[in-house]
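To start, the structure itself, in structure tokens.
The values are calculated or read from the model by the stated rules, or taken from the named source; none is laboratory data. Since this is a predicted model, take the numbers as computed values, not measurements. Note: ideal-geometry Cβ built from the backbone for every residue, glycine included; neighbour counts use all protein chains shown. Calculation scope for accessible area: heavy atoms of the full protein, side chains included, ligands and nucleic acids excluded. Shrake-Rupley method; radii C 1.70, N 1.55, O 1.52, S 1.80 Å.
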Amino acid sequence: MNRERPRIGVTSSLGGGRYMWWFYWLSMNLMGATPQRLVAPVEREVFSRFDGFIIGGGDDIGAELYRGEAALDVRIDPERDAMELAVLAHAARHDLPVLGVCRGAQMLNVFLEGTLHQDLSDYDVPNLWSPLPAKKVSFVEGTRLHEIFGRETLRVNSLHRQAVDKLGNGLRVAARDEFRVVQAIEDPGARFRMGVQWHPEFLIYKASSRRLFSAFIAAAQEAKAERGGVGATAVPV
């Protein structure tokens, strides 16, 4: 059965990203996909192995990529930034599904020439740092994410210090939180190109997270069928 599963590349940081990776590994396997961790540097030829990509969470994005001002109190990973931009370019060329998670949603926006708030000081936002549901997001009616979740609002976790500012080309806002911070974006012109500011992999026990991953994997399965590819078994690394 594993040979029929879509193969998903999951971008990650070398150090602190390992614990997130195990949650992705569990989530993807539970939902019927075969994940493989991608840690920079990665040869671009590797990208053709995959039927879809998750751009995962982690360190802040280098400010030079979106014309922001460099800050001294952030962790950045230029090699990972470069790898993820290359992944997104590959996915766009082949219309492969992309799900951006937290930093990944921000990277998707930057890839499409959007900008970021380097921190949330522009908003009156309390400290809600938690892997468990800590705030409410409201979906924009008529968006694909609104359709996927099938509800108006959702309780999600909060593990971010940056956020989408100016939208990237072709993107639209799909959800905001109670403080008006953008919490989800999507490209209505792509097969599946979406980003959520929260971490659904930590909430895989919730039906809402499983709905999101199920929609993503269904799109990857569709892409796989169109390409006539056969996935291969991958193991956690």
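Rounded to the nearest 20, the Cβ-based charge dipole of the chain about its Cα centre (Lys and Arg +1, Asp and Glu -1) stands at 860 debye. Remark: spin-label model distance residue 211-residue 128 equals 1.9 nm, labels positioned 7 Å along the Cα→Cβ axis.
A simple count of charges around residue 9, restricted to other residues whose Cβ falls under 14 Å of its Cβ and scoring Lys, Arg +1 and Asp, Glu -1, yields +3. To put it simply, the accessible area of the chain at a 1.4 Å probe is 52 percent carbon and sulfur. Taking each DSSP H run with n ≥ 4 as -39500 (n - 2.57) and averaging over every residue of the chain yields -9000 deg cm²/dmol at 222 nm.
Straight Cα distances below 22 angstrom link residue 206 to the lysines 135, 136, with same-chain residues fewer than 8 positions distant left out.
For the listed peptides 78-86, 52-60, a ranking on the average number of other beta carbons within 10 Å per residue, highest first, reads 52-60, 78-86.
Ranking 204, 163, 175 by how far each Cα lies toward the positive end of the dipole of the range 157-212 (charges on Cβ) leaves 204 at the top. Select from 101, 140, 46 the residue whose mean-square fluctuation is largest in a Gaussian network model of the chain (Cα-Cα springs shorter than 10 Å). In the Gaussian network model the winner is 46. Considering only beta bridges that DSSP places wholly inside the chain, some 50 percent are antiparallel. For residue 166, the aspartates and glutamates whose Cα comes closer than 12 Å to its Cα, not counting residues fewer than 8 places off in the same chain, are 113. Taking every full run of DSSP H in the chain, the ones that stretch at least 27 Å from end to end by Cα along their long axis and average -0.5 or higher on the Kyte-Doolittle scale are 207-227. The three principal axes of the Cα atoms in the chain give end-to-end lengths of 49, 37, 32 Å, sorted in falling order.
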